1. Only loop residues by DSSP count here, and only those with at most 16 other Cβ atoms within 10 Å; note down the trypsin sites (Lys or Arg not before Pro) in the range 303-402 that meet that.
2. How do D115, D478 rank by accessible surface area computed with a 1.4 Å probe, from largest to smallest?
3. In nm, to one decimal, how far is the modelled label at E286 from the one at H144, with both set 7 Å along Cα→Cβ?
4. I'd like the FRET efficiency for K258 and D478, computed as 1/(1 + (r/R0)^6) with the beta carbon distance as r and R0 of 30 Å, rounded to 0.05.
5. Residue separation times 0.36 nm, minus the C-alpha to C-alpha distance between E310 and T103: what's the value?
6. Which pairs break 30 Å Cα to Cα here: K260/K352; K231/K333; K57/K237; K262/K419; K67/K258?
7. May I ask you to give the percent of accessible area on the chain that is carbon plus sulfur, with a probe radius of 1.4 Å?
8. Which three extents, in angstrom, do the Cα atoms of the chain have along their principal axes, listed largest first?
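The values are calculated or read from the model by the stated rules, or taken from the named source; none is laboratory data. Predicted model, so just to flag it, every value in this text is computed and none were measured. In this analysis, Cβ positions are derived from the backbone assuming ideal geometry, glycine residues included, and neighbour counts consider all displayed protein chains. In case anyone asks, the SASA skips ligands and DNA or RNA and just uses the protein heavy atoms, side chains included. Shrake-Rupley method; radii C 1.70, N 1.55, O 1.52, S 1.80 Å.
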Amino acid sequence: MLGWVSHCCFFCTERKISGDHALLWLHHTMKAVVTFLLLLFIATHAEHRGRPYVRDKVCQEFKTMGKDDFRTMTLIMNSRKFSNATFKEISHLVHEIVSLAETCCADGVDPSCYDAGSSALSAKSCSPDSPFPDHPGTAACCLHQGLEQKLCLAALEHPPRQLPHYVELSNEELCQAFKKDPKDFADRFLHEYVSSYSQAPLPVLLGSTRNFLSMVSTCCISPSPTVCFLKEKLQRKTLSLLTLMSNRACSRLTGYGKDKMKFSYLTMLAQKIPSASFEDLSPLAEDAAEVFSQCCDSVAEDCIQQKLSEHTTKICTTLSAKDKRFADCCAGKNIMQNYFCISALQPAVAPKLPELQKPTDKQLCDDNGALHTGRYMFELARRHTNVPDVFLGKLYDASENVIRECCSAKDASTCLDSKRQQMGAELPAFLEKANQLCGQYNELNFLDFKKRLRDSIRQTMPDASPELLTQLTDQRADFASTCCPANSPPLYCVAQVTAELASTCKQGSCMLV
């Protein structure tokens, strides 16, 4: 029975790893990961230093990590890189890479083995019936030859998944799958979990997956599995939330870029605490964007935890005295849980504020144009607290386009006036629609929300059949449940909002599309 444990855990150590400390496991593990990442970089970019150099580095890591851990890291890195690939495709690729290392890194093997094997791997990738992950760029890479082809293929990767597809099984289902085939269970879990949360920092993914497999291998042989799972899941709560949150934040950074990430965070804070000033919130948004830009691609084992803890302290220092909800979140002893508490706060009721003043032409086009635009967006967000940043982000993009187009025009004033008129015609209806949909979603329970949606759709489409009403209601409710929350998946929701705007655009060239 205990053999299951050895098959199901990777980078195993003698000590038990708890949820709150799983990212701090043995320094030599992360050193191996860092070296593995450097190895991937070397294999892609450093062949000018000579093929023996690449082969030697691969073989050094294969021997240092051992076949099992080398295989696990290969599975993790390729599931992360090709996040839309099937388990079968990833398994084929992992098998070929590990077989290449195992064959060509053995003592006494001809040095040409590795180069010949990697060339055969590239050729297999280019075959019509290739079993490896499909990618639209493969065909173009395969037009090249030799080293150029290898470098091109090595640079391919899938965009991150718009929506995670990992669904955790029940305790009984976990143990049934685990006991049936521990190795296959671990492989499938790693692929599903890593490809779903591929944008989370690598140390977070490694810590979370290792902790989960440790939990399963422990609880499925426990005399009291239900109690064991309850205890273990409670301990790994922080790590699970960190994985989910950091994947969303890093996806947002990837999709938005650092500047728009700052805007996104600013609007989120402005809607949770609209009584706070721009001067209070802007530095916090700047700090958050800096945290994720530093940690999303970092392999430092505690980067995201350390930086987020420091960031949370800044939030609590600045905002606790200004808002009871923030004060309550900041009263906890676990600072990471305090951050999750703040992130989960619902938008506040919009206060009654003076009429919003738009930036002048001079302000938009001077050296501080971005600052004036940011302040305007902040004021807009605190007046429309139920409009998520995925909607406000369309306005942010439109403003950036207007500034870029008009401030370099011969007659900037005329250009800006024209754009203001067009925006003035589009913006009110856009904000009202978003505010109504997400406001109702935030205020009502889900069943009442769907009933309200159905009634609203029936009023606008009185001749719709019951089947069509149900279909439209379900579609709108699914969109709201996915995209109205502050931590919505950005790529998916931006695509959904863009499609909705395009379908309702009456002018033919709407600014917000």
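1. In loop regions of the range 303-402 (DSSP not H, G, I, E or B), the sparsely surrounded trypsin sites (Lys or Arg not before Pro) are K333, K352.
2. D478, D115
3. About 4.1 nm separates the two model spin labels.
4. Numbers: r = 31 Å, r/R0 = 1.02.
About 0.45, to the nearest 0.05.
5. Details: separation 207, 0.36 × 207 = 74.52 nm, distance 4.73 nm.
Value of the extension gain: 69.8 nm.
6. From K260/K352; K231/K333; K57/K237; K262/K419; K67/K258, over 30 Å: K57/K237; K67/K258.
7. Exposed carbon and sulfur together represent 55 percent of the surface.
8. Sorted largest first, the three principal extents are 78, 61, 54 Å.
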